[in-house]
Amino acid sequence: MKVGEKEFRSIWQDESDPATVNVIDQRRLPFSFEVLPLRSVSDVCMAISCMAVRGAPLIGAAAAWGVWFSFLEHKGDKNIFGGIMKDAARLKGARPTAVNLAWAVDRMTEVYEKTASGEALHAAAAGLCDEEAERSKRIGEYGLGLIEEISSRKGGLPVNILTHCNAGWLACVDYGTALAPVYLAHDKGLRVHVWVDETRPRNQGGRLTAWELSNHGVPCTLVTDNAGGHLMQTGMVDIVIVGCDRATASGDVANKIGTYLKALAAHDNGIPFYSAFPVSTFDMTIDSPGQIMIEERDGDEVRKTDGLAVNNSGKRLPAETLHATSPQADIQSVYICQPGIPVSNYGFDVTPARLITGLITDRGVCAANKESIKKILS
Ligand code: MRU
């Protein structure tokens, strides 16, 4: 997708230094667009766990490059495969909920097991990124039909879509999952408007989704996480589309904490609720919500928030007034409650299949049940 006049993916190999893989540092957006170079397995693990890179498909893509770094780090060793497998476990452990991470790492280690070739690993990591972008595009094409149908029912009036967290191109390699149909609809000239949930505690909606959409010219409005129910109850939402980090064989969907509440409100108000994801997000080894491991994160994510320091007229504060050591020092962290207060910080929740109207995948749209999922995967 474009940032300014330049085409970007969320992850790419550095042209001038092929031993570097660049990502957009998502901790700095929307205040500062910064590229973060990754050069080692440790860099990748750190970027995933501190959420400089995040979103299920993107952490899989980053981990794939991580396995290639592992090969470079162990190249001269007697037991290269042993070293790679140890690093693979570290990469998989960086975040537990999104299945795409383990899926991508396993795919890479299988390539190495079969070929014992660094070149093959490199090609596999690059190929995985290309495929991920292609899969997102297909999700967009399948989801577009749903938006077109609502648009024609509304006689061309704007289709109001509510989304939670960030399941756009920043979370994937390109296009996004939940947002891919929105981009395609907008580019086709359909009138769309997106309600963007803030998504506490890390504000991926306010910081990333709103930035992505407005950057692409898609009309959007930021709302607090608690507003969705009211919007749905008063007829202001036509469809809810969210992403997914792990889907069970029965069609239950783990996604950013708060997704379940949106699904309940949608169900109560008869509003279609869809989850969009590539089929690599299915975990066919499990078939009930309780089997998904839910990540618990540092309590300070809840106690504090990051934001831009401004003066009373809303202007950025000059770095020198902030005793700055870096030009971006005006992005600051502040406590929003009593420091040290006990906190629980579950990163995800699971929306049971019964609340889901359908799953938008790269193989088509299917119902959230075992039979339809099996069919789409066959
Ligand atoms: O914790 P995050 O920001 O990685 O969570 C991301 C989400 O919950 C997304 O909705 C999900 O990964 C789908 S990404 C296309």
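Key figures for this structure:
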| item | result |
| --- | --- |
| The range 288-320, subset in contact with a strand residue (DSSP E or B) (Cβ under 9 Å, 6 or more places away or on another chain) and hydrophobic (A, V, I, L, M, F, W, C), residue farthest from Asp245 (Cα to Cα) | Leu317 |
| Any pair with Cβ under 6 angstrom, 6 or more apart, that starts in the range 362-378 at a residue that is buried (at least 16 other Cβ atoms within 10 Å of the Cβ) and modelled with pLDDT of 95 or more and ends at one that is in a helix (DSSP H, G or I) and not hydrophobic (A, V, I, L, M, F, W, C) | Asp362/Arg135; Asp362/Arg138; Gly364/Tyr142; Val365/Tyr142; Cys366/Ser372 |
| Residue check for Ala210: within 28 Å of Trp12 (Cα to Cα), out of contact with any helix residue (DSSP H, G or I) (no Cβ under 7 Å at 6 or more places or on another chain) and within 12 Å of the ligand (Cβ to nearest atom) | no |
| Residue count, the range 150-173 (criterion: assigned to a loop (DSSP other than H, G, I, E, B) and surrounded by fewer than 24 Cβ atoms within 10 Å (Cβ to Cβ)) | 5 |
| Total residues in the range 272-287, condition away from the ligand (no atom under 16 Å from the Cβ) and in contact with a strand residue (DSSP E or B) (Cβ under 6 Å, 6 or more places away or on another chain) | 3 |
| Considering residues of the range 93-117 that are closer than 14 Å to Trp68 by Cβ and of a type in the set (S, T, N, Q) only, the residue nearest to the ligand (Cβ to nearest atom) | Thr109 |
| Helices (runs of 4 or more DSSP H) wholly inside the range 17-114 that include at least 3 residues being surrounded by 15 or more Cβ atoms within 10 Å (Cβ to Cβ) and touching a strand residue (DSSP E or B) at 6+ places or on another chain (Cβ under 9 Å) | 41-49, 56-74 |
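The values are calculated or read from the model by the stated rules, or taken from the named source; none is laboratory data. A quick note: this is a predicted structure, and the numbers were derived from the prediction, not measured. Glycine also receives a Cβ, built like all others from the backbone with ideal geometry; neighbour counts cover every protein chain displayed.
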